[in-house]
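A short write-up of the structure that comes next.
The values are calculated or read from the model by the stated rules, or taken from the named source; none is laboratory data. In this text, all values refer to a predicted model and were calculated from it rather than measured experimentally. No Cβ is skipped: glycine too gets one built from the backbone with ideal geometry, and neighbour counts run over all protein chains shown.
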Amino acid sequence: MPHVASWKKEEVESLKELIESHDVVGMANLSDIPAPQLQKMRRSLKDSAVVKMSRKTLMSLALSESKKENIADLEGHMEGQPAMIFTDMNPFKLYKILEASKTDAPAKAGSIAPADIVVPKGDTAFKPGPILGELQKVGIPAKIDKGKIVITNDKTIVAEGETISKEIASMLTRLEIFPMEVGIDLVAAYEDQTVYTSDVLTIDEEKTIADVQKAFTQALNLSVNAVIFNKESVPVLLQNANTKAMNLALNADVLTSKTRDMILAKAYSQMLAVASEVSGKDADAVDDELRE
Amino acid sequence: MEYIYAAMLLHTANQDINEENVKKVLEAAGSEADEARIKALIAALEDVDIEEAIAKTAVAAAAPA
Amino acid sequence: MEYIYAAMLLHTANQDINEENVKKVLEAAGSEADEARIKALIAALEDVDIEEAIAKTAVAAAAPA
Amino acid sequence: MEYIYAAMLLHTANQDINEENVKKVLEAAGSEADEARIKALIAALEDVDIEEAIAKTAVAAAAPA
Amino acid sequence: MEYIYAAMLLHTANQDINEENVKKVLEAAGSEADEARIKALIAALEDVDIEEAIAKTAVAAAAPA
Amino acid sequence: MEYIYAAMLLHTANQDINEENVKKVLEAAGSEADEARIKALIAALEDVDIEEAIAKTAVAAAAPA
Amino acid sequence: MEYIYAAMLLHTANQDINEENVKKVLEAAGSEADEARIKALIAALEDVDIEEAIAKTAVAAAAPA
């Protein structure tokens, strides 16, 4: 090992210890997180994860010296202001927790819009003044109405993926629109010889629910269509059987306790239908009670 | 309504809906048979498609539920 | 539906819906009168208040329309 | 509905819906088998395409019972 | 579906839906009675209220159209 | 529904839905594997196009409308 | 869908949906068990109430039917 300062050696050793003592090692990007917020997040993660900022070279060293197989691959995922996260949580769960803890933040000049940024129509807190011109200048449709500045239409002023200009960033802040999400970006996580990147770590809960429902529906369909008896399929099979039996009884005019009233009513309404046709031709062709 | 039921009965039994038949059915049912009304009914039914009228009921009844 | 129409005819004419009457009506209509079906009809209608049955079902069918 | 269920059972099992069979099924189910009703059932089903009648939505079925 | 109709038949006739009865009904209908399927049916019916299941059809049928 | 899920799992994995496999899956899932029910399952699925049966709405079939 | 089926099987059998169990079931079904997908499944299902999701399907299915 080349000559390095002893504090650096110690830091690498401590990172290595953390790597060895946790199942999951994540590589995060802490760019744009204000210090107080980072403090808060660290505190809330305290029992489940350790966040460690260090120099890239030291982290690389610690990763490459670790005996864990493939963990050195994490090196390729250092972005922005990299930090390491150590936890025993399932990496998918870690990602979910970090995403959920992100908070809204004001736009900064030069930031990339994470989604379409829309200025909604409606009243603003602004009194008439030069701000009207400034709004119009950045493309926000505004006018004065009853002593207030009002935005006349919903307006997408920055599309997803576009860079936010200085003027727009400052206007969004004045409008109290905070389009950015700030928090710990987990870029990749290592567990058990595998490095998972954020695209893999993303969980779509709605899709999971939809899949659960789909699986159940498929199982129910299969049970009913193949006439396999279980407690889910039997009620449906009973309903289907009942429908078929009722159809047969009603279509063949078989009087049963369940069909009797309906068949009588059917005869009656058929009679009324014929009577109405008949009385349409000649009112005297029907008796008084059938005349409308 | 007896007159209509009588006509429908004859129709379903594939019998002619004429004065004689309607009268016969009504009398068998112990109902008074008014000649003028029977005549009017038969005349009116000439332009009525009973099957169609009945079929319409079915549709109307099915629709609401 | 002949049997049903016959029953409704008798009901409307305020006559008893019994074997003899149903048979008489059906025969007057030139319809074959099957004893078993007549018996079944009468048995099925024995405890039934026809007016009520019609009213109940008709209301239910008409209401949502 | 026993008679109808018995008919559906026989139909589904590809058996003839005749007096003997319906009676046998009803009795096996501990149900009273009334000859007249059985005969009436069979007569009623005689002219009916059962598959079609089963599949065809019945008017009244749509009405909330 | 024979098994289901057999169960409904027994239910309507106020008989126990047990192995022996279901088997008896199926055999009377000339249907093969598979013990395993009968068992599965009975097990599934343990948690099912037949009346309620059937009643739901009516509701479901009434809701949509 | 364990048996069904086991069958679907085997189907999706392109494995034979036979006694041995179904049993293996059920046991791996800590579920009691009843031989008779497995046999019944396999018999029921024999002539069934699973892809089709999975996709075909079972519940809507109940709707007469 | 194998992963979901495996999870549903475990759920129905009242077993824990954890890595070990899902893997065991998938392997018994002759399916390749990808660790990452299993982990993702488990993390995703942690916040999902399977019973509730199923109940909603059932309601949705019953309503339009």
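Would you mind finding the one in A:Glu75, A:Glu79 that is under 25 Å from A:Val4 (Cα atoms), charged (D, E, K, R) and touching a helix residue (DSSP H, G or I) at 6+ places or on another chain (Cβ under 6 Å)? Please lay out each step first, then the result.
Working: A:Glu79 fails: touching a helix residue (DSSP H, G or I) at 6+ places or on another chain (Cβ under 6 Å).
Result of the check over A:Glu75, A:Glu79: A:Glu75.
As an exercise: evaluate D:Ala36 against (1) surrounded by fewer than 18 Cβ atoms within 10 Å (Cβ to Cβ); (2) modelled with pLDDT of 90 or more; (3) outside any loop (DSSP other than H, G, I, E, B); (4) facing another protein chain (nearest Cβ under 7 Å) and give the number of the one condition it does not meet.
Unmet for D:Ala36, out of (1) surrounded by fewer than 18 Cβ atoms within 10 Å (Cβ to Cβ); (2) modelled with pLDDT of 90 or more; (3) outside any loop (DSSP other than H, G, I, E, B); (4) facing another protein chain (nearest Cβ under 7 Å): (2).
Could you say whether any residue in the range A:123-141 is touching a strand residue (DSSP E or B) at 6+ places or on another chain (Cβ under 6 Å), surrounded by fewer than 14 Cβ atoms within 10 Å (Cβ to Cβ), within 16 Å of A:Glu176 (Cα to Cα) and at pLDDT 85 or above?
Yes, the range A:123-141 contains at least one residue that is touching a strand residue (DSSP E or B) at 6+ places or on another chain (Cβ under 6 Å), surrounded by fewer than 14 Cβ atoms within 10 Å (Cβ to Cβ), within 16 Å of A:Glu176 (Cα to Cα) and at pLDDT 85 or above.
Here are some conditions: (1) modelled with pLDDT under 90; (2) under 22 Å from D:Leu41 (Cα atoms); (3) surrounded by 14 or more Cβ atoms within 10 Å (Cβ to Cβ); (4) of a type outside the set (Phe, Trp, Tyr). C:Ala60 meets all but one. Which one does it not meet?
Looking at each condition in turn, C:Ala60 falls short on (2).
Answer yes or no as to whether A:Val227 is within 33 Å of the chain's Cα centre (by Cα) and either in the same structural domain as A:Leu74 (by TED's automatic domain parsing) or at positive phi (or both). Talk me through it step by step, then tell me what you get.
Details: within 33 Å of the chain's Cα centre (by Cα): no; either in the same structural domain as A:Leu74 (by TED's automatic domain parsing) or at positive phi (or both): yes.
In short, no.
Could you tell me how many of the residues in the range A:186-206 are in contact with a strand residue (DSSP E or B) (Cβ under 6 Å, 6 or more places away or on another chain), closer than 28 Å to A:Gln39 by Cβ and either in the same structural domain as A:Lys127 (by TED's automatic domain parsing) or aliphatic (A, V, I, L, M) (or both)?
4
From the list A:Glu176, A:Glu205, A:Glu191, pick out the single residue that is within 10 Å of chain G (Cβ to nearest Cβ) and more than 19 Å from the chain's Cα centre (by Cα).
Exactly one residue qualifies, and that residue is A:Glu191.
For the range A:134-166, which positions are assigned to a strand (DSSP E or B) and free of Cβ contacts under 8 Å to residues at least 24 places away in the same chain?
If the condition is that a residue be assigned to a strand (DSSP E or B) and free of Cβ contacts under 8 Å to residues at least 24 places away in the same chain, then A:Ala142, A:Lys143, A:Ile144, A:Asp145 are the ones that fit.
A:Ala188 fails exactly one of the following numbered conditions: (1) modelled with pLDDT under 90; (2) outside any loop (DSSP other than H, G, I, E, B). What is the number of that condition?
Just one mismatch for A:Ala188, condition (1).
How many residues are away from chain D (no Cβ under 12 Å) and assigned to a helix (DSSP H, G or I) when one looks only at the range C:40-54? Full working, then the answer.
Applying the first criterion (away from chain D (no Cβ under 12 Å)) to the range C:40-54 yields C:45-52.
Of the ones still in play, those that are also assigned to a helix (DSSP H, G or I) are C:45, C:50-52.
So the answer is 4.
Could you check how many residues of the range A:247-285 are farther than 30 Å from C:Ala40 by Cβ and buried (at least 24 other Cβ atoms within 10 Å of the Cβ)?
If we filter the range A:247-285 for residues that are farther than 30 Å from C:Ala40 by Cβ, which is where we start, we get A:276-285.
When the remaining residues are screened for being buried (at least 24 other Cβ atoms within 10 Å of the Cβ), the result is A:278, A:285.
Counting residues in the range A:247-285 that are farther than 30 Å from C:Ala40 by Cβ and buried (at least 24 other Cβ atoms within 10 Å of the Cβ) gives 2.
When you check F:Leu9 against the structure, is it within 23 Å of G:Asn14 (Cα to Cα), more than 11 Å from chain A (Cβ to nearest Cβ) and either hydroxyl-bearing (Ser, Thr, Tyr) or part of a helix (DSSP H, G or I) (or both), yes or no?
Working: within 23 Å of G:Asn14 (Cα to Cα): yes; more than 11 Å from chain A (Cβ to nearest Cβ): no; either hydroxyl-bearing (Ser, Thr, Tyr) or part of a helix (DSSP H, G or I) (or both): yes.
For F:Leu9, the condition - within 23 Å of G:Asn14 (Cα to Cα), more than 11 Å from chain A (Cβ to nearest Cβ) and either hydroxyl-bearing (Ser, Thr, Tyr) or part of a helix (DSSP H, G or I) (or both) - is not met.
Within the range A:230-241, count every residue that is within 8 Å of chain F (Cβ to nearest Cβ) and either crowded, with 24+ Cβ neighbours inside 10 Å or touching a residue at least 12 places away in the same chain (Cβ under 8 Å) (or both).
Within the range A:230-241, residues that are within 8 Å of chain F (Cβ to nearest Cβ) and either crowded, with 24+ Cβ neighbours inside 10 Å or touching a residue at least 12 places away in the same chain (Cβ under 8 Å) (or both) number 5.
Tell me the residue from A:Ala83, A:Ala107, A:Ala62 that is in a loop (DSSP other than H, G, I, E, B), of a type outside the set (S, T, N, Q) and buried (at least 18 other Cβ atoms within 10 Å of the Cβ), please.
Details: A:Ala83 fails: in a loop (DSSP other than H, G, I, E, B); A:Ala62 fails: in a loop (DSSP other than H, G, I, E, B).
One residue alone meets the criteria, A:Ala107.
Here are some residues: F:Ile17, F:Ile38, F:Ile4, F:Ile50. Which one is within 17 Å of G:Gln15 (Cα to Cα) and either of a type outside the set (Ser, Thr, Tyr) or in contact (Cβ under 8 Å) with a residue 40 or more places away in the chain (or both)? Steps first, please.
Values: F:Ile17 fails: within 17 Å of G:Gln15 (Cα to Cα); F:Ile38 fails: within 17 Å of G:Gln15 (Cα to Cα); F:Ile50 fails: within 17 Å of G:Gln15 (Cα to Cα).
So the residue among F:Ile17, F:Ile38, F:Ile4, F:Ile50 that is within 17 Å of G:Gln15 (Cα to Cα) and either of a type outside the set (Ser, Thr, Tyr) or in contact (Cβ under 8 Å) with a residue 40 or more places away in the chain (or both) is F:Ile4.
For the range E:12-26: of the residues being facing another protein chain (nearest Cβ under 7 Å) and not in a loop (DSSP other than H, G, I, E, B), which is surrounded by the most Cβ atoms within 10 Å (Cβ to Cβ)?
E:Val25
For the structure I just gave you, tell me whether A:Ala169 is small (Gly, Ala, Ser) and not in a helix (DSSP H, G or I). Lay out the reasoning, then the answer.
Working: small (Gly, Ala, Ser): yes; not in a helix (DSSP H, G or I): no.
Answer is no for this residue.
Tally the residues that are acidic (Asp, Glu) and closer than 18 Å to A:Ala226 by Cβ, restricting the search to the range E:1-41.
Going through the range E:1-41, the residues acidic (Asp, Glu) turn out to be E:2, E:16, E:19-20, E:27, E:32, E:34-35.
Narrowing the set further to residues that are closer than 18 Å to A:Ala226 by Cβ leaves E:2, E:32, E:34.
Residues that pass the stated criteria total 3.
Scan C:Ala53, C:Ala7 and give me the residue that is modelled with pLDDT under 90 and within 15 Å of the chain's Cα centre (by Cα).
Among C:Ala53, C:Ala7, only C:Ala53 is modelled with pLDDT under 90 and within 15 Å of the chain's Cα centre (by Cα).
Can we say F:Ala29 is at pLDDT below 95 and out of contact with any His (no Cβ under 6 Å at 6 or more places or on another chain)? First the steps, then the outcome.
Numbers: at pLDDT below 95: no; out of contact with any His (no Cβ under 6 Å at 6 or more places or on another chain): yes.
So F:Ala29 does not fit the description; no.
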